[in-house]
Amino acid sequence: MPFDLKPFRDMLGEILPRNRFYQKKYAGLQIDPDSFQHLSDLTSLPFTLKSDLIADQHNYAPYGQILTYPLEDYCRLHQTSGTSSGRPLRWLDTPASWKGLLNCWTDSFPIMGLSSQDKFFFPFSFGPFLGFWTAFEAASGAGYLCLPGGGMTSTARLRFLLEHEATVICCTPTYALHLAELADREKIDLAASAVRMLIVAGEPGGCIPATRERIEKVWGARVFDHYGMTEVGPVAVEMVELPRSLMLLQNHYLAEVIDPQSDLPVREGDVGELVLTNLRRWGCPLIRYRTGDLVRLKPYQNRICFEGGILGRTDDMIYIRGNNLYPASIEAVVRRFAEVIEFRIVVDHTGPLADLSVEIEPTPFADSTNLAELVARAIRDELLFRVDVKCVATGVLPRFEMKARRVVHIR
């Protein structure tokens with residue numbers, strides 16, 4: 001793969017004398033930064049796991065030994081949601097590392113076809129997660145008008161984006177659909193608004209065809225998917241000319257795709273786990289970090305792309321009576337039904353074998369009984385798996401501003 005490893009060699013030379021986390025991790029290894037000439041040379045280094053980072057911050061609270069520099073050199077703190085591990089990771093950045101993250105977005109803007117006339121709207125309250133902090137600062141630094149939407153109700157946000165003629169919305173796919181639901185209730189025609197683009201992140205919905213089509217239809221705008229992680233940074237973005245695929249920001253990251261069982265590289269076109277090395281975040285570096293995210297590698301014009309975006313997570317797989325299911329597979333079916341406003345997957349572990357059901361929230365005038373049967377049949381036909389589908393009353397299922405949590409485990 002076409003990667004320039006000079007930034008990696010430079011980073012190793014900087015952090016190895018200073019970073020106690022990697023000094024311990026690489027203890028006993030003879031590491032010469034100049035020996036790394038090809039991506040395959042990285043296999044001499046062990047993976048970095050999320051459990052390593054959690055243990056580091058537990059043993060050396062609150063920030064661990066992953067910090068390359070003294071604490072007074074850092075200017076930003078963010079943390080993960082803790083949804084997969086149960087314990088959020090705190091992540092700090094120096095001014096130089098933070099600038100590196102902003103440059104990821106600056107490089108992304110032309111890839112998505114932004115113009116100098118675009119106006120960004122961020123319809124949520126910024127929190128400690130990295131979220132769109134970097135997008136906001138990078139866009140404002142690049143001269144775009146940026147409209148913050150914190151401290152507002154969702155209905156007020158709709159009025160606000162119309163009043164200021166926002167052209168670019170940054171949010172999760174879930175929240176884009178929730179705003180569309182409210183707009184329908186308020187008799188607001190989003191397709192007639194100035195919005196021409198939605199940059200969605202935090203969930204795989206941006207590359208799920210049915211979810212994407214629903215968003216684009218109601219907004220009358222193009223969806224651009226974006227992928228990043230708090231502990232890594234903004235990683236990949238959808239290109240104008242290649243819908244439903246994510247292009248790796250190769251100036252900022254090294255990427256490997258491995259078989260999660262054997263830890264060996266997968267063949268081109270096979271699904272595997274994404275392993276990332278960030279090159280510009282020296283203050284909190286990650287080398288060969290196993291993301292847990294599943295991708296399918298697709299080279300495109302000397303670029304590295306992930307076909308279909310993020311396909312799922314290794315820890316999201318649900319095992320039900322001999323069947324392996326990913327939540328994104330169920331969403332891909334449920335979102336085909338315009339009569340379904342929201343849904344939730346319930347996994348019941350209280351019996352000898354786990355049971356799975358899907359709760360759907362229909363539109364007010366939908367035929368609930370018939371809709372449940374149709375959705376259940378579609379899941380069976382598509383996934384070859386029988387599932388109990390139940391309709392719930394309108395407004396019962398939760399709505400989310402940021403990352404949705406649609407899988408509920410009962411134990």
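The values are calculated or read from the model by the stated rules, or taken from the named source; none is laboratory data. All values derive from a computational prediction rather than experimental measurement. Using ideal geometry, Cβ is built from the backbone for each residue, glycine included, and neighbour counts are taken over all protein chains shown. These accessible areas exclude ligands, DNA and RNA; they are computed on the full protein's heavy atoms, side chains included. Shrake-Rupley method; radii C 1.70, N 1.55, O 1.52, S 1.80 Å.
Please list, in order along segment 192-203, the HN-Hα scalar couplings obtained from phi with the Karplus expression 6.51 cos²θ - 1.76 cosθ + 1.60 (θ = phi - 60°), rounded to whole Hz, x for Gly and Pro.
Values per residue, Gly and Pro as x: 8, 7, 7, 5, 10, 8, 10, 9, 10, 7, x, 8 Hz.
Give the calculated FRET efficiency between Val392 and Leu71 to the nearest 0.05, with a Förster radius of 60 Å applied to their Cβ-Cβ distance. Provide the component values of the computation, followed by the final result.
Details: r = 48 Å, r/R0 = 0.80.
In this case the efficiency is close to 0.80.
Near Ile31, within a Cβ-to-Cβ distance under 12 Å, what is the net charge of the other residues, with Lys and Arg +1 and Asp and Glu -1?
Numbers: positive: Arg9, Lys25; negative: Asp32, Asp34, Asp41.
That sum, taken over residues with Cβ under 12 Å, equals -1.
So which aspartates and glutamates pass the test for Lys99, namely a Cα distance under 16 Å, with those fewer than 8 places away in the same chain ruled out?
Straight-distance partners of Lys99: Asp73, Asp107, Glu137, Glu231.
For Thr155 and Leu353 in one chain, what is 0.36 nm times their gap in residues minus the Cα-Cα distance, to one decimal in nm? The partial results should precede the final answer.
Details: separation 198, 0.36 × 198 = 71.28 nm, distance 4.32 nm.
That works out to 67.0 nm of additional length.
Which order do Leu161, Leu39 take by accessible area at a 1.4 Å probe, largest first?
Working: Leu161 0, Leu39 30 Å².
Descending order: Leu39, Leu161.
Based on the Kirkwood radius over alpha-carbon pairs, what value in µm²/s does the Stokes-Einstein equation return for the translational diffusion coefficient of segment 60-159 at 37 °C and 0.692 mPa s?
Numbers: Rh = 15.5 Å.
Approximately 212 µm²/s, per Stokes-Einstein.
Which log10 I(q)/I(0) values does segment 108-171 give at q = 0.23 Å⁻¹ under the Debye formula, counting every alpha carbon as one identical point scatterer?
-0.99
On average, how much area does the Cα convex hull of the chain cover when viewed from any direction, in nm²?
Numbers: hull surface 84.0 nm².
That works out to 21.0 nm².
So who's got an amide H within less than 5 Å of the one on Leu286, skipping anything under 5 residues away but keeping other chains? H placed 1.01 Å off N, in plane.
Under 5 Å from the amide H of Leu286 lie the amide H atoms of Asn278, each far enough along the sequence or on another chain.
Computed over the Cα atoms, what is the radius of gyration of segment 1-138 divided by 2.2 N^0.38 Å, N being its residue count?
Values: Rg = 17.6 Å, N = 138, 2.2 N^0.38 = 14.3 Å.
Relative to the 2.2 N^0.38 Å estimate, segment 1-138 comes out at 1.23.
For the chain, what is the percent of antiparallel DSSP beta bridges, rounded to the nearest 5? Numbers along the way, then the final one.
Working: 43 of 66 bridges.
Of those bridges, close to 65 percent are antiparallel.
Please work out the Kirkwood hydrodynamic radius for segment 207-351, using every pair of different C-alpha atoms, and report it in angstroms with one decimal place.
Values: mean 1/r = 0.0596 Å⁻¹.
Over segment 207-351, the inverse of the mean reciprocal pair distance is 16.8 Å.
Roughly speaking, to the nearest percent, how much of segment 1-117's 1.4 Å accessible area is carbon and sulfur? Could the numbers behind the result be given before it?
On the way: 2930 of 5840 Å².
For segment 1-117, the apolar C and S fraction of the accessible surface comes to 50 percent.
Whole-Hz Karplus ³J(HN,Hα) for segment 344-352, in order, using 6.51 cos²θ - 1.76 cosθ + 1.60 and θ = phi - 60°, x for Gly and Pro?
8, 9, 10, 10, 9, 9, 6, x, x
Could you provide, to the nearest whole Å², the per residue accessible area of the chain with probe 1.4 Å? Let's see the in-between values first.
On the way: 17970 Å² over 411 residues.
The answer is 44 Å² per residue.
When Lys and Arg each count +1 and Asp and Glu each count -1, what net charge do the other residues less than 13 Å away from Arg196, Cβ to Cβ, add up to? Walk me through the intermediate numbers first.
Details: positive: Lys119, Arg222; negative: Asp118, Glu165, Glu216.
Net charge in that neighbourhood comes out at -1.
If you take the charge dipole of the chain about its Cα centre, with +1 on Lys and Arg Cβ and -1 on Asp and Glu Cβ, which of Phe337, Pro204, Ile15 is farthest toward its positive end?
Result: Ile15, furthest along the dipole toward the positive end.
Once neighbouring chains are kept in place and the probe is 1.4 Å, which whole percent of the accessible area of segment 252-411 is contributed by carbon and sulfur? Don't skip to the end; give the middle numbers.
Numbers: 3730 of 7640 Å².
The computed percentage sits at 49.
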